[in-house]
Each structure stands twice: as C-alpha cells, then as structure tokens.
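S.K.: The structure's right below; bear with me while I get my questions together.
The values are calculated or read from the model by the stated rules, or taken from the named source; none is laboratory data. Treat the numbers as computed from the prediction; the structure is a model and nothing was measured. Cβ: placed from backbone, ideal geometry, glycine included. Neighbour counts: every protein chain shown.
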C-alpha cells in the first residue's frame, strides 16, 4: 500500500499510457475502431457547422469542378446513346426504328460523322421511348449517392474524410468514395446521418489499380510523403509503360466499378532488387480542395461475398 | 476555484476548436502540422495536483483524437508530456524562482524560462506523437525532420500567444 501511495504518479502514468497505446495498436487494424471516429454525431455536427461557413469561400472552384464533371458526363452519355442507334442494339430496344437508323445514322453508311450529325443522333435517341429504358437497365449494378465532404485531412500518415450522409441515405462500410476528378477513398464507419472513411492518403489502405492501356494490375499505396502522389506496386518488369500512362481502378473488388480514374504515371523506377517497378502516380483527385463526392453502392456486393464465402467453405 | 474552473474550461474549448478548425488545416506540402492545443498543459498552475495533471493531459489528447480519427495517438503523447512537466519544471528552475503563487506564464516567469520550458515539453510531445503515429522506425530521419519542423511552428505559436493574450 505504501508503495502504491508513494509511486501513484508513476503508476497512474503507466495506466493511462497503456490505455492510449492499446488504442493505438488496436487502431493499426483500422477496421476495429468503434468509438473514436468522426462519424460520431457530435463531432460530425461540429465539423458540419464550420464547413458550412468555410465552403462559401471555395464556391468558385467548386462550381468550375462540377461544371467540368458535367461536361465529361455529357460526353460519356453521348457515347452510350450513340452506339445504340446501330442495328443490333436497336433491334433489341425497339424494332420500329431499324430503318431510320440504318439509312440516316450508321457510320458505315455515312463515313465519319460531322459534329451536327452527332448532335442530331442524340436528339433521335432521346425521342425514342425505348432508349432511356435501355440505359436504365444497363447500369443497375452501381448506384452513386452524392455527399458533401465536411472534414478531410491530408497532412497525417493516415488521413480520413467525413461525409454528411450516413446509414439513412443507404451508406454502409466498405463502399467506395469517388470525387469529380477521380477516386477518393473507402467508407469505414457509418452513423445515422454521417459517415467517415479512409482516403487514398491513408497508409493502412490499398486499392487495386490497373494500367488503362495494357490492363496489367497492381496495388496502389501511399508512402505518406505528398498528398499529390501515390505509389503503384506489383507491376512486373516485362510490362511496357511510360510516364503519362493512365491508372484506373481494376474493378476486382466490390468497392469500385472498373475504370474509375486514379491518376497518371509520374515517374517509373526499377524497384530495389524485386521483379517489380517502383511507380509514382500523380493523383487526379485534389485532396486539398475536395468538396463534393459520391459514394458507390454496388448492388451485387452481397451476392459476390456469399459466392466467395461458399467457395471457401467447400 | 469556480473562477479557475470556468477559465480553464474555456481555454480547453478554445484551444481544441482552434486546433481542429484552424491548425489541422495548415499544411506546407503535408509536412507541417502545428499542435497548439498542448498549450493547455503548459499553462496549468504550478500547484495542480500531479494526478489531475496526468488525467487532464490524457483527456485533452483523447479529445483531439476523437476529432482527428487517431485513437490513442494524441492521448499517449499528451500523457507523456504531462508526466514530464514536473520534472522539466524542476530541471529549469532554481528554488527561489518558484513562487507558489506564480503561474507558468511568460510575463511572470521571464521569457528565457518560458521559452526553455516550452521547447523541452513541445519537443518531447512532438517526437513522441510523430513516432507513435507512423508506428515504425522505418524512415526514422524523415519522421524526425517532420516532428522538428512542426515543433518549431508550435513553439513559435505558443510564444506568440503569450504576447497576444497576456500583454497588459
């Protein structure tokens, strides 16, 4: 007892330090954090309050980013609609249109299309009742849930993001987060109205990524140095690549669809003694100014997980 | 007593808010992050009971941890800092400079004393914090560089805060 009384200061220090370090070690497995995260209601409310004030100062940039994304999506939409005008697809959609499309719009008949023809094509497509249905039924696997970033860090070794949407909006852990210019991160915690997750700038998380032109895949990790650069590993020496090549998500998980932009190769080095390149990728997402993101819901998640589980059980 | 309770509670809230809303967003290519909130531990009165010092240090770190998604990292660093504070004060003060009514402020203790006090404790806190954060000795020099750079910013901010708040 006397020993306790005399050394209580040191003993109390040991107790508190043990508690802290236990938390740190448990957190090293980042899925295990239960109580301390920024999706907690009070914490998220405070962040939201301050964010609503500070985001006014970034409106110009937010608007131009959203406008750029809009333009890109319109282009994509046009690419989706245009091929449907060709006979086989159209036959499936609505047999009544075959003759029109073949005689007016097929590239084979007209050669390279001038811009206004493309435009007309879009109009035809939107007037045809069967086409919108067709588009709806193509992309049912993924649903995108828009959310606003209310807190985001870039200057730690394990960076986190907090969003203003949660369980009530259909967000669940392990869903992917994408921004207007590319991949952002993964949801790890969800509360009623908020969620938080790890970003690419988190050393405990890696993303399956591939080279867009050759389809070789590796894993993207972050070395903790710069918020603009991540590293692509596991690409073997025989793959041909160069600075400027595009890196996208591989789609080999249920977190991201295939082909979401990650960034471009910045620098290629021969790795130290391994059989793999050391590749620096400049990230397409600007984590410094990130404001609006979308959370990706993969409707096939449960089915795929069950399949893998059953396979492992056998 | 009540007066002190209100004063230090307010200081706690203001420092935490400044930390998460302002200083966590200061970044020079992601390298520097000043941690001004530890000023709270520096400014506690000399006659704070030792157990209270430790518990407050621990809770302060835990509070920052909750906002930063870093369970235990800040708490472990502030606990070490609170543990070292009495020893550091003994180390840098002679018997007669320690007046029991005095507070650890620059105005009362002199700038030389206060700067030495700040440098020792901030360095200890930042070194501990940054090494626990990376949780590896890989990249030892880089982590050292990051912690020293951030410590420099924190020390400058703490000294500046003394001029801002306690000028007559």
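S.K.: For the range B:43-83, which residues satisfy the criterion of being part of a loop (DSSP other than H, G, I, E, B), more than 10 Å from every other protein chain (Cβ to nearest Cβ) and without any contact (Cβ under 8 Å) to a residue 40 or more places away in the chain?
M.R.: The first filter runs over the range B:43-83 and keeps only residues part of a loop (DSSP other than H, G, I, E, B), leaving B:44-49, B:69-72.
Those still in the list that are more than 10 Å from every other protein chain (Cβ to nearest Cβ) too: B:44-48.
B:48, the sole residue that qualifies.
One line per residue, one yes/no per condition, for (1) surrounded by 15 or more Cβ atoms within 10 Å (Cβ to Cβ); (2) modelled with pLDDT of 90 or more:
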{"site": "B:65", "(1), (2)": "yes, no"}
{"site": "B:68", "(1), (2)": "yes, no"}
{"site": "B:71", "(1), (2)": "yes, no"}
{"site": "B:74", "(1), (2)": "yes, yes"}
{"site": "B:96", "(1), (2)": "no, no"}
{"site": "B:103", "(1), (2)": "no, no"}
{"site": "B:126", "(1), (2)": "yes, yes"}
{"site": "B:155", "(1), (2)": "yes, yes"}
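S.K.: Give the range A:190-209 a look and list any residue that's assigned to a strand (DSSP E or B) and either in contact with a helix residue (DSSP H, G or I) (Cβ under 7 Å, 6 or more places away or on another chain) or more than 20 Å from residue A:49 (Cα to Cα) (or both), or say none.
M.R.: If the condition is that a residue be assigned to a strand (DSSP E or B) and either in contact with a helix residue (DSSP H, G or I) (Cβ under 7 Å, 6 or more places away or on another chain) or more than 20 Å from residue A:49 (Cα to Cα) (or both), then A:190, A:198, A:199, A:200, A:201, A:202, A:207, A:208, A:209 are the ones that fit.
S.K.: Still on this model: Just one of the numbered conditions (1) at pLDDT below 90; (2) more than 20 Å from residue B:134 (Cβ to Cβ); (3) more than 17 Å from the chain's Cα centre (by Cα) is not true of residue B:48; which one?
M.R.: Only one criterion in (1) at pLDDT below 90; (2) more than 20 Å from residue B:134 (Cβ to Cβ); (3) more than 17 Å from the chain's Cα centre (by Cα) is unmet by residue B:48, namely (3).
S.K.: Within the bounds of the range A:151-173, is there any residue that is closer than 30 Å to residue A:81 by Cα and either part of a strand (DSSP E or B) or in contact with a helix residue (DSSP H, G or I) (Cβ under 9 Å, 6 or more places away or on another chain) (or both)?
M.R.: No, there is no match, as no residue in the range A:151-173 is closer than 30 Å to residue A:81 by Cα and either part of a strand (DSSP E or B) or in contact with a helix residue (DSSP H, G or I) (Cβ under 9 Å, 6 or more places away or on another chain) (or both).
S.K.: Has the range A:21-44 got at least one residue that is at pLDDT 75 or above, surrounded by 13 or more Cβ atoms within 10 Å (Cβ to Cβ), farther than 30 Å from residue A:172 by Cβ and in contact with a helix residue (DSSP H, G or I) (Cβ under 6 Å, 6 or more places away or on another chain)?
M.R.: yes
S.K.: Would you check if residue A:4 is more than 9 Å from every other protein chain (Cβ to nearest Cβ), at pLDDT 70 or above and either assigned to a helix (DSSP H, G or I) or closer than 17 Å to residue A:166 by Cα (or both)?
M.R.: yes
S.K.: For residue B:32, state whether it is under 30 Å from residue A:229 (Cα atoms), surrounded by 21 or more Cβ atoms within 10 Å (Cβ to Cβ) and either within 8 Å of chain A (Cβ to nearest Cβ) or in contact with a helix residue (DSSP H, G or I) (Cβ under 7 Å, 6 or more places away or on another chain) (or both).
M.R.: Here the answer is no, as residue B:32 does not meet what is asked.
S.K.: I'd like to check something: does the range B:23-30 contain any residue that is modelled with pLDDT under 90, part of a helix (DSSP H, G or I) and under 14 Å from the mean Cα position of the chain (by Cα)?
M.R.: Yes, some residue in the range B:23-30 is modelled with pLDDT under 90, part of a helix (DSSP H, G or I) and under 14 Å from the mean Cα position of the chain (by Cα).
S.K.: So, one more: Of these, A:177, A:186, which one is part of a strand (DSSP E or B), away from every other protein chain (no Cβ under 12 Å) and under 22 Å from residue A:50 (Cβ atoms)?
M.R.: A:177
S.K.: State whether the residues of the range A:80-92 include one that is modelled with pLDDT of 75 or more and surrounded by fewer than 17 Cβ atoms within 10 Å (Cβ to Cβ).
M.R.: Scanning the range A:80-92, I find at least one residue that is modelled with pLDDT of 75 or more and surrounded by fewer than 17 Cβ atoms within 10 Å (Cβ to Cβ), so the answer is yes.
S.K.: Further question: Count, please, the residues in the range A:144-160 that happen to be buried (at least 23 other Cβ atoms within 10 Å of the Cβ) and more than 9 Å from every other protein chain (Cβ to nearest Cβ).
M.R.: 2
S.K.: What about residue A:139, is it buried (at least 24 other Cβ atoms within 10 Å of the Cβ) and at pLDDT below 90?
M.R.: The answer is no for residue A:139.
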